[in-house]
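Every number here is computed from the coordinates shown, using simple stated rules; none is lab data. As the structure is a prediction and not an experimental result, all values here were calculated from the model. Note that we place each Cβ from the backbone using ideal geometry, even for glycine, and neighbour counts take in every protein chain shown.
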Amino acid sequence: MVSLEIRHGRLLRQRWLIIAALAGATLLCLVLDLLAGPADLTLRQVMRGVFDPASLDPRDQIILWQVRLPDALIALAVGAALGLAGVESQTILDNPLASPFTLGVSSAAVLGASVALVLSPALPFMGQAAILPVTALLFALGSGGLILAAIRVLGGERDTVILFGIAILFLCNALTAALFYVADAEATQQIVFWTIGNLTKAGWVEVVIVTACFFAVLPFSLRHVWLLTLLRGGEAQARSSGINVDRLRTLVILRTSILAAFAVCFVGTIAFVGLVGPHIARLLLGEDHRTLIPGAALCGALILSGASVLSKTLIPGVIIPVGILTAAVGVPALMALLVLQRRRP
Amino acid sequence: MTHLSVSGVCARYGRKQVLFDVTLPDLEDGHFIGILGPNGSGKSTLIRCLSRELSCQGSIVLDGVSLASQSSRALWEKVATMPQSPPAPSALFPMELLWSICRALGMALSDRALSQRIEEVLALLGLDDQALAPLSTLSGGQRQRVGLALCLIRDPDLLLLDEPTAALDLHWRLTVLELIRRRLAHRGGVVIANLHEVDLAARYCDGVVVLGHGKVVAAGPPAEVLTKEVFARVYHVEAELHPGTDNRPSLELIRPLSSQHRPKHDSDPSGS
Ligand SMILES: Nc1ncnc2c1ncn2[C@@H]1O[C@H](COP(=O)(O)OP(=O)(O)O)[C@@H](O)[C@H]1O
Ligand SMILES: [Mg+2]
């Protein structure tokens, strides 16, 4: 019989290969995303234009550098952030349905944006474009803060956390509905647009902020890979091994709240990426968080980037809000995954 | 040389006190103590106190240092605990579980050495074929053995086992207890295990402590402690432990005793 070391090594190599394949697919998707869009740019123009902007004529340069690159990159950054936040929250709450949204972060962001949309006509000094993401971010971080406060007061039992997150979710949805009631037609329309989620309003500043947030959080996640893996063996095992699970839970929820808040504050609600991305990664890579964490981030980026390509190519000349596509693609994907999982021995 | 002394331990969940002034006989290197007692008598709670998962009053002194003042690091290096529930049936592999605990606790071992050690421990517990199989595909008894492997891999001085044999078949019940004895003879240390198999406790343990309603009802060498009266008083059964041959005692369970046979003061949960 082959030694365990060799078999385990083989398994690990196989998993890193899958990660490399995911990274390759994501890169491919990025290129496709740069190619897709109403204005015709050839692959050659795009490739040259990325490395040498001066080679393009001014119009194409603006399309590539001011529209397509930021849109394509924010898809990757938001997808990766949601994938990472999703995988960590599923593990720490030991719940396959957990996602950044279960914690109420996303509905809080929607509420914040709605508040800005309803109030901004009354605030003449600030442009809506600036104030909207800021309030969304503040509300989202606030909901994360509420959950952390609840953990302090009520204890870090995972069911308490989930229930409290869902309570926040419903509260924010109710308040948003109340705002609908008082908002004028234009604001209502904008709230709906924002609730669906779309990438087209993002510029370079947003790309840099979300990317920086992701890379600032990632090392802390990677530092916890062993603890998170251990947690998959059950909380009782981790606790009796002397792991401070409550502290770990607080840190992870802090991380996921920050990631989710920054991910949704510019682009609105992106459905299902934070839920399905981690599940696909789990099916492909297993439960070892050394590979699962990068895998989930890549899956999130890949899904959102793929949805972005679809949103521009499905109906020629029309850009469908990407949030619609992630839900439309995410639900069947989730169903298929669940069926596949059932069939597995 | 491991040495553990436990005296006057009181523990509570919220307002409900479940351990009352529990004192164990001093545990010297090489000792294997069995904690016996009916469901809800506080066995698991005692293990949680000893592993510092639950804070408690009283004195627990390990190797001359109070447990409360040990650093977590020192505690991790010395004490391993197997909780009553086995590892969760997730898609994680036993190999990954063992690997992650060793890495999470910062064990200084090369990948190769760690692999070999995991392979040895899993083989010891008959889990060679399950090393790279999802925990969800393992049987309850196999998962319980994975839980034991999780403790053994850390090579602790003090091993705390909460019903380590509960889900095991006859073969593994004996094998695991033999393994614990052999390990003690080999490397020393102290083992405390909650057990329900009174006959096996009598056979393998150096001493037993019988808990009832959170108090020590009896403690000492098994043959002296496990009398008909104790079975009646603590377990509410008519039973007898026969000495058997070659130190292989056997338990004869005769019948359960109805509640009127129970002495009144023992079913008083307030205990005071
Ligand atoms: N987490 C808990 N919260 C409140 N009460 C508990 C908890 N765990 C155990 N108990 C109570 O403490 C007593 C002792 O429980 P336990 O130590 O688990 O018993 P044993 O392991 O001997 O069956 C029982 O009465 C039980 O109801
Ligand atoms: Mg118990």
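A few remarks follow.
- The phi torsions of segment A:265-273, fed into the Karplus equation with coefficients 6.51, -1.76 and 1.60 and a -60° offset, translate into couplings of 5, 9, 10, x, 6, 10, 6, 6, 4 Hz, rounded to whole numbers, with Gly and Pro shown as x.
- Net charge in the neighbourhood of A:Trp204 (other residues with Cβ under 13 Å of its Cβ; Lys, Arg +1, Asp, Glu -1) is 0.
- Average other protein chain Cβ within 10 Å of Cβ, residues B:85-93: 6
- Taking the Cα centre of segment A:3-93 as reference, the dipole from Cβ charges on Lys and Arg (+1) and Asp and Glu (-1) amounts to some 440 debye.
- Taken residue by residue and averaged, Cβ atoms of other chains lying within 10 Å of the Cβ of B:71-79 number 1.
- Residues B:Val79, A:Val205 arranged by fewest to most Cβ contacts within 10 Å: A:Val205, B:Val79
- The share of Cα pairs per 10 Å bin across segment B:49-171, counted from zero up to the longest distance, runs 13, 41, 32, 13, 1 percent.
- Cα gyration tensor shape of segment A:145-277, rounded if a/c is under 1.5, else prolate or oblate by comparing a/b with b/c: oblate
- Taking amide H atoms as placed 1.01 Å from N in the peptide plane, the amide H of B:Val216 lies under 5 Å from those of B:Thr23, each 5 or more residues away in sequence or on another chain.
- Hz values of 3J(HN,Hα) by residue in segment A:213-227 - Karplus curve (6.51, -1.76, 1.60), Gly and Pro given as x: 4, 4, 6, 6, 7, 3, x, 5, 5, 5, 5, 9, 4, 5, 5
- Normalised by the number of residues in segment A:183-330, the mean separation of alpha-carbon contacts (under 8 Å, six or more apart) gives a relative contact order of 32 percent.
- Whether segment A:241-296 is rounded, prolate or oblate, judged on the alpha carbon gyration tensor where a/c under 1.5 counts as rounded: oblate
- Each principal axis of the Cα atoms in the protein assembly as shown has its own extent, and those three values, largest first, are 97, 59, 44 angstrom.
- Segment A:267-345, dipole about Cα centre (Lys/Arg Cβ +1, Asp/Glu Cβ -1), debye to the nearest 20: 200
- The alpha carbon radius of gyration of segment A:73-190, expressed as a multiple of 2.2 N^0.38 Å, is 1.16.
- Exposure proxy shown here: for A:Leu35, B:Leu170, the number of other Cβ atoms within 10 Å sets the order, fewest to most, as B:Leu170, A:Leu35.
- Proxy reagent accessibility, fewest Cβ within 10 Å first, across B:Ile35, B:Ile180, A:Ile315, A:Ile131: A:Ile315, A:Ile131, B:Ile180, B:Ile35
- Each Lys and Arg contributes +1 and each Asp and Glu -1, all at the Cβ; summed about the Cα centre of chain A, the dipole is approximately 1040 debye.
- Amide hydrogen neighbours beyond the local backbone of B:Gly58, cut-off 5 Å, H modeled: B:Cys10
- Alpha-carbon geometry of chain A: the Rg and the Dmax are 20.8, 75 Å, given in that order.
- Total formal charge among the other residues, if their Cβ is under 14 angstrom from that of B:Leu132, Lys/Arg +1 and Asp/Glu -1: -3
- Judged by the mean number of other Cβ atoms found within 10 Å, the most tightly packed of the peptides B:24-32, A:38-46, B:235-243 leads the ranking B:24-32, B:235-243, A:38-46.
- Average partner coverage of B:117-125, which counts Cβ from other chains inside 10 Å: 1
- Counting charges near B:Leu170 (Lys, Arg +1; Asp, Glu -1) among other residues having Cβ under 13 Å from its Cβ returns a value of -3.
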